[in-house]
1. Quick one: count up the residues across segment 105-129 that are in a loop (DSSP other than H, G, I, E, B) and out of contact with any Pro (no Cβ under 8 Å at 6 or more places or on another chain).
2. Determine, yes or no, whether THR28 is surrounded by fewer than 15 Cβ atoms within 10 Å (Cβ to Cβ), among the β-branched types (Val, Ile, Thr) and within 27 Å of TRP127 (Cβ to Cβ).
3. Going through segment 119-140 one residue at a time, which ones are out of contact with any helix residue (DSSP H, G or I) (no Cβ under 6 Å at 6 or more places or on another chain) and more than 18 Å from TRP22 (Cβ to Cβ)?
4. In segment 23-43, which residues are at pLDDT 95 or above and part of a loop (DSSP other than H, G, I, E, B)?
5. Considering every residue within segment 8-17, establish whether at least one is closer than 22 Å to ALA130 by Cβ, in contact with a Leu (Cβ under 6 Å, 6 or more places away or on another chain) and part of a strand (DSSP E or B).
6. If a residue has to be farther than 20 Å from GLY44 by Cβ and crowded, with 16+ Cβ neighbours inside 10 Å to count, how many in segment 93-138 make the cut?
7. Mind telling me which of the residues ARG20, ARG5 ends up being surrounded by 11 or more Cβ atoms within 10 Å (Cβ to Cβ) and either farther than 27 Å from ARG116 by Cβ or modelled with pLDDT under 90 (or both)?
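The values are calculated or read from the model by the stated rules, or taken from the named source; none is laboratory data. This one's a predicted model, so the numbers in the text were calculated from it and none came from an experiment. Reconstructed Cβ throughout: ideal geometry from the backbone, glycine too, with neighbour counts over all protein chains shown.
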Amino acid sequence: MTSIRPAADEDIPMVAALSRDWEQEGVTIGQRADTPAELAAKLGPWFLVACRGQNILGFVTAAERALAPGEWVVQPDGGRCLSIEDLYVVPHHRREGLGTRLYKSVVANAATQGIRHVSVYTASQPWGDAIAFYESLGLRVWLIQLHA
């Protein structure tokens, strides 16, 4: 059985290794793995891990952001926003619902704190898959930026 729980200090080496694995997958351009120090700085309510026994199969990190009224067109009333920074599941455990569970868990944590807006930035090259995943969770595309 896989559990979702807050990340702890002892999880940092394994999550750092997963972050390096993600970087090695090469599915994003211009993104790099977080260092152990960067991950340790993220410990708190917005950093969750998916565990099966002693193994971490995925993680999500997010940050809370205060929005001024009118700062974002899609959230004109301002308030607080949870920005999903990283959501990663090891390749051989994808399509088991772990990404969905990680996302829903961190968003549920935010809701208990009165945060009702969520944003995701993704640089995934298989962008269609990323969009389909996040749309399945109720998010809508707001911006598409293309580069040559």
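1. 8
2. Taking the combined requirement at face value, the residue does not satisfy it.
3. The answer is SER119, GLY128, ILE131, ALA132, GLU135, SER136, GLY138, LEU139, ARG140.
4. Within segment 23-43, THR35, LYS42, LEU43 meet the criteria.
5. no
6. Counting residues in segment 93-138 that are farther than 20 Å from GLY44 by Cβ and crowded, with 16+ Cβ neighbours inside 10 Å gives 8.
7. When all the criteria are applied, what remains is ARG20.
Residues checked against (1) at positive phi; (2) more than 13 Å from the chain's Cα centre (by Cα):
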position	(1), (2)
GLY30	yes, yes
ALA37	no, yes
GLN54	no, yes
PHE59	no, no
GLU64	no, no
TYR88	no, no
